[in-house]
């Protein structure tokens with residue numbers, strides 16, 4: 001009787017899938033072949049490295065190289081300093097890279113930013129951004145080392161009533177002491193009264209109270225005017241007819257917070273969400289306008305930033321992208337993070353106030369990590385440890401990841417935010433990264449005397465089985481990719497195995513079969529991913 005033995009070769013050809021091969025020497029590619037987003041500082045086989053021009057590739061991990069070392073990426077536009085950023089990634093995102101610690105970089109240190117008659121204790125880069133926002137020159141004081149000292153230094157020069165005679169009348173102007181002294185030339189007899197308003201009765205000038213209200217450039221508040229048009233104290237309708245409030249400079253004590261849309265109090269605060277604008281007030285024509293925003297039914301404070309709930313971001317679908325939203329002067333603006341999910345939007349809160357920023361997605365070294373602690377080190381990378389599947393395997397296709405006791409375990413390190421690729425072209429980053437994980441599952445099985453199919457244990461598998469001290473070699477040599485042994489029907493692909501491999505594609509990035517962020521299907525289906533070939537051998 002002729003005994004037929006069938007060799008089934010199940011070749012998993014995964015289109016657009018990428019990890020670092022566990023076989024052979026891994027190189028640190030300064031840039032991978034094909035370029036594109038995310039193509040810098042990646043551990044890959046040597047043939048995947050672009051060595052044209054002055055680009056480098058050395059047989060070690062990128063963490064050990066000088067050209068892919070981590071540092072601080074300074075974004076002068078946003079006024080941010082992002083630590084632990086590869087130099088190549090920083091350059092690709094138009095940042096300025098610095099190898100020093102953040103604490104040693106002057107642009108990242110806190111100092112006093114003087115903006116008109118206001119101040120903020122921020123970094124130099126943030127100060128430049130704020131100054132540009134207000135259209136003012138940058139005035140940054142590094143000698144001021146505390147927020148209290150910073151705010152104090154921003155107080156305006158001492159002001160008061162400057163009284164002088166003109167055409168036999170006692171005239172008054174509200175000026176600084178220096179300005180008033182400059183008027184005391186020749187026959188002028190200008191006299192400065194520090195802290196007094198021109199509407200003070202004791203000065204006996206032609207200026208009186210209740211001359212209306214106004215806004216002042218560079219200030220947030222609504223101010224009273226006297227009958228000569230000089231500034232008085234901050235508008236407080238309850239003090240309209242209180243003479244003492246028109247005598248000397250006084251701090252406002254009406255309302256609370258930013259007093260947005262208040263008809264009676266002009267004590268606005270731009271940083272809390274209001275500023276002087278024309279509006280309906282109990283007296284005068286100016287109010288503290290509310291600068292907050294409404295977006296998709298929710299209210300946001302002026303200056304608040306948050307991450308958008310963009311399509312496909314949670315699943316990292318192809319084409320999806322992170323966005324940062326900004327509430328500024330009643331309007332919501334949309335700021336996209338870097339394309340291909342090379343930047344992610346990170347959001348935090350201080351009380352109810354949200355802040356968000358786009359920062360570099362540090363996914364490049366995730367796949368090569370074989371230790372959970374290293375994988376989840378957020379100072380170096382944005383990865384997560386997943387148990388149940390291993391992408392780092394030895395020559396026998398078994399996991400090369402071990403636990404603390406040295407036992408093999410099925411676990412892998414994946415990007416927390418899967419990157420995207422320009423997968424539509426030939427010779428692109430997608431092909432270079434994704435194709436390296438194509439897997440071939442080879443199974444040898446035969447029909448037993450009873451007519452059912454069983455594993456045919458070859459010499460190589462038998463030796464591995466014996467070396468491992470296993471008794472049941474048939475079970476040891478059974479591949480997870482097939483199911484149905486022990487029956488008269490020929491074994492077929494294991495649905496659990498194909499689903500697991502497909503999920504692996506999703507975890508790696510824009511690989512495998514998927515729909516994009518608007519629900520459109522891709523070019524490939526499961527038949528393109530899993531191709532089966534078989535040969536028969538007669539004995």
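What single numbered condition from (1) modelled with pLDDT of 80 or more; (2) assigned to a loop (DSSP other than H, G, I, E, B) fails to hold for residue 37?
With respect to (1) modelled with pLDDT of 80 or more; (2) assigned to a loop (DSSP other than H, G, I, E, B), residue 37 is out only on (1).
I'd like to know if segment 81-101 contains one or more residues that are within 21 Å of the chain's Cα centre (by Cα), assigned to a helix (DSSP H, G or I), without any contact (Cβ under 8 Å) to a residue 12 or more places away in the chain and not assigned by TED's automatic domain parsing to the domain that holds residue 42. Lay out the reasoning, then the answer.
Looking only at segment 81-101, we keep the residues that are within 21 Å of the chain's Cα centre (by Cα), and these are 81-99, 101.
The next check asks that each one be assigned to a helix (DSSP H, G or I); those that pass are 87-92.
Pick out the ones that are also without any contact (Cβ under 8 Å) to a residue 12 or more places away in the chain and you get 91.
From what's left, not assigned by TED's automatic domain parsing to the domain that holds residue 42: 91.
Checking segment 81-101: at least one residue is within 21 Å of the chain's Cα centre (by Cα), assigned to a helix (DSSP H, G or I), without any contact (Cβ under 8 Å) to a residue 12 or more places away in the chain and not assigned by TED's automatic domain parsing to the domain that holds residue 42.
Which residues, counting only those in segment 339-355, are part of a strand (DSSP E or B) and either surrounded by fewer than 22 Cβ atoms within 10 Å (Cβ to Cβ) or out of contact with any strand residue (DSSP E or B) (no Cβ under 6 Å at 6 or more places or on another chain) (or both)?
Scanning segment 339-355 gives 344, 346, 347, 348, 349, 350, 353, 354, 355.
Look at residue 397 and say whether it is surrounded by fewer than 22 Cβ atoms within 10 Å (Cβ to Cβ), at pLDDT below 90 and either touching a helix residue (DSSP H, G or I) at 6+ places or on another chain (Cβ under 9 Å) or within 26 Å of residue 510 (Cβ to Cβ) (or both).
So residue 397 fits the description; yes.
Taking residue 211 as the residue in question, decide whether it is at negative phi and at pLDDT 95 or above.
Judged against the criteria, residue 211 is a match.
Being over 38 Å from the mean Cα position of the chain (by Cα) and either modelled with pLDDT under 85 or surrounded by fewer than 11 Cβ atoms within 10 Å (Cβ to Cβ) (or both) is the filter here; which residues of segment 139-168 pass it?
Hits for segment 139-168 are 157, 158, 166, 167, 168.
For (1) in contact (Cβ under 8 Å) with a residue 40 or more places away in the chain; (2) closer than 27 Å to residue 190 by Cα, each residue gets a yes or a no:
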site	(1), (2)
202	yes, yes
206	no, yes
209	no, yes
212	yes, yes
223	yes, yes
239	no, no
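Which of the residues spanning segment 265-282 are touching a helix residue (DSSP H, G or I) at 6+ places or on another chain (Cβ under 8 Å) and surrounded by fewer than 17 Cβ atoms within 10 Å (Cβ to Cβ)?
Within segment 265-282, just 282 meets the criteria.
Scan segment 169-196 residue by residue and report those that are assigned to a loop (DSSP other than H, G, I, E, B), at pLDDT below 85 and surrounded by fewer than 16 Cβ atoms within 10 Å (Cβ to Cβ).
If the condition is that a residue be assigned to a loop (DSSP other than H, G, I, E, B), at pLDDT below 85 and surrounded by fewer than 16 Cβ atoms within 10 Å (Cβ to Cβ), then 184, 185, 186, 187, 188, 189 are the ones that fit.
The values are calculated or read from the model by the stated rules, or taken from the named source; none is laboratory data. Since the model is a prediction, treat every value here as computed from it, not as a measurement. Glycine also receives a Cβ, built like all others from the backbone with ideal geometry; neighbour counts cover every protein chain displayed.
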